[in-house]
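Before any comments, here is the structure.
Taken together, the values in this text are just the output of simple stated rules run on the coordinates, not laboratory data. Since we're looking at a predicted model, the values are computed, not measured. No Cβ is skipped: glycine too gets one built from the backbone with ideal geometry, and neighbour counts run over all protein chains shown.
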Amino acid sequence: MDYAEEYGQIIINYDKNNHPVEIEILNASIFFGNFFTGVMQAKPKAKIVEVSV
């Protein structure tokens with residue numbers, strides 16, 4: 001791994017050619033718990049869009 005970038009709870013590690021080689025998710029159980037809860041509560045054909053700045 002050459003360098004990493006952090007996007008909130010997600011860290012992406014890159015090689016020297018700028019290709020992602022590893023994705024780390026901090027607090028993964030909370031992250032995926034919230035994700036799957038949203039998916040299960042979604043209505044059919046509904047679009048879930050989240051934008052964080």
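For VAL39, VAL49, VAL21, which order do you get if you count the other beta carbons within 10 Å of each Cβ and list the fewest first? Mind showing how you got there, number by number?
Values: VAL39 9, VAL49 4, VAL21 13.
Arranged by neighbour count, lowest to highest, VAL39, VAL49, VAL21 become VAL49, VAL39, VAL21.
Bin all alpha-carbon pair distances of the chain at 10 Å intervals from 0 and give each bin's fraction as a whole percent.
It works out to 21, 37, 29, 12, 1, in whole percents.
Work from the charge dipole of the chain (Cβ charges, +1 for Lys and Arg, -1 for Asp and Glu, about the Cα centre) and give the residue of ILE25, VAL51, ILE11 farthest towards its positive end.
Positive-end residue among those listed: VAL51.
Add -39500 (n - 2.57) for each DSSP H run of 4 or more in the chain, then divide by its residues: what number comes out at 222 nm, to the nearest 500 deg cm²/dmol?
-8500 deg cm²/dmol
What's the exposure ranking of TYR7, TYR14, going from fewest to most Cβ atoms within 10 Å? Intermediate results must be reported in sequence, preceding the final value.
On the way: TYR7 9, TYR14 15.
Ranked by crowding around the Cβ, least crowded first: TYR7, TYR14.
Can you compute the charge dipole magnitude of the chain about its Cα centre, using +1 on each Lys and Arg Cβ and -1 on each Asp and Glu Cβ, nothing else charged? Give it in debye, rounded to the nearest 20.
Details: 4 positive and 7 negative charges, 109 e Å.
Computed charge dipole of the chain: roughly 520 debye.
Pairs of alpha-carbon atoms within less than 8 angstrom and 6+ residues apart define the contacts here; what relative contact order does the chain have, in percent?
Numbers: 47 pairs, mean separation 11.0, N = 53.
The normalised contact order for the chain reaches 21 percent.
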